[in-house]
1. Looking at segment 122-134, which of the residues that are of a type outside the set (Phe, Trp, Tyr) and closer than 20 Å to GLY90 by Cα is surrounded by the most Cβ atoms within 10 Å (Cβ to Cβ)?
2. If only one of ASN78, ASN62 is under 20 Å from PRO176 (Cβ atoms) and not assigned by TED's automatic domain parsing to the domain that holds LEU173, which one is it?
3. So in segment 33-55, with the set limited to residues that are assigned to a loop (DSSP other than H, G, I, E, B) and within 23 Å of GLY96 (Cβ to Cβ), which one is modelled with the lowest pLDDT?
4. Collect the residues in segment 138-178 that are within 26 Å of HIS93 (Cα to Cα), without any contact (Cβ under 8 Å) to a residue 24 or more places away in the chain and surrounded by 18 or more Cβ atoms within 10 Å (Cβ to Cβ), keeping them in residue-number order.
Amino acid sequence: MGLFDFVKDAGGALGSKVFDLTHDDEDITKPTTISPERLNHLRKASIERTVGEMNLNIEQFNAEVDGELVTITGTAPNQEAIEKATLACGNQHGIGQVDCQLALAETPTSAAPADAKPSDNAQPSQFYTVQSGDTLSKIAKELLGSASRYMAIFEANQPMLENPDKIYVGQTLRIPQA
């Protein structure tokens, strides 16, 4: 898919998770430092766990983290899985770019009926970065033509979004085709 930019200071922070992983029995009020290599390792583990929990069925998924850049590889069953994995990586705190090298699994052409229409998953979605004051309704009105289509955006971003009212500035969302 290519290289995607994200707001690196937005997203789910590792925060106390990093401290818990590196300093089990230490006082949390003391300053601590983590080497860049260790932070890359922790981000990689967090990304792979997050994508794994999404049940996207990506074969041989791998994430390599180098600072704020994550490169993801593997074979995805559809365009939707590629986009959701890309967003799950980019919406992690500290990740500013995702180099998505996920391949789309080849499906035998003989298995599809002659009158089959391409699914919506075959078309890439638009990505949108949430701005201050945005709601899913406002985004839907602007990009899909009707505020009532906010549930289409919510559904396109599940399981990443748990509630249509809980989006945050800097978060990147999938916007389905209008």
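1. Taking segment 122-134 and keeping what is of a type outside the set (Phe, Trp, Tyr), we get 122-126, 129-134.
Going one step further and asking which of them are closer than 20 Å to GLY90 by Cα, we end up with 124-126, 129-132, 134.
Values: PRO124: 13, SER125: 21, GLN126: 14, THR129: 15, VAL130: 19, GLN131: 10, SER132: 6, ASP134: 17.
Top of the filtered list is SER125.
2. Numbers: ASN62 fails: under 20 Å from PRO176 (Cβ atoms).
One residue alone meets the criteria, ASN78.
3. Within segment 33-55, the subset assigned to a loop (DSSP other than H, G, I, E, B) is 33-35, 54-55.
If we keep only those that are within 23 Å of GLY96 (Cβ to Cβ) as well, we get 33-35, 54.
Working: THR33: 82, ILE34: 85, SER35: 91, MET54: 95.
Residue satisfying both the conditions and the ranking: THR33.
4. Within segment 138-178, ALA140, TYR150, ILE153, PHE154, LEU161 meet the criteria.
Rundown of residues vs (1) farther than 12 Å from PHE4 by Cβ; (2) in the same structural domain as LYS44 (by TED's automatic domain parsing); (3) modelled with pLDDT under 95; (4) out of contact with any Lys or Arg (no Cβ under 9 Å at 6 or more places or on another chain), yes/no style:
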{"position": "ALA85", "(1), (2), (3), (4)": "no, yes, no, yes"}
{"position": "HIS93", "(1), (2), (3), (4)": "yes, yes, yes, no"}
{"position": "GLN97", "(1), (2), (3), (4)": "no, yes, no, no"}
{"position": "GLN101", "(1), (2), (3), (4)": "no, yes, no, yes"}
{"position": "PRO113", "(1), (2), (3), (4)": "yes, no, yes, yes"}
{"position": "VAL130", "(1), (2), (3), (4)": "yes, no, no, yes"}
{"position": "SER137", "(1), (2), (3), (4)": "yes, no, no, no"}
{"position": "TYR150", "(1), (2), (3), (4)": "yes, no, no, no"}
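The values are calculated or read from the model by the stated rules, or taken from the named source; none is laboratory data. All of these numbers come straight from a predicted model, not from anything done at the bench. Cβ coordinates were reconstructed from backbone atoms using ideal geometry, including for glycine residues, and neighbour counts include every protein chain displayed.
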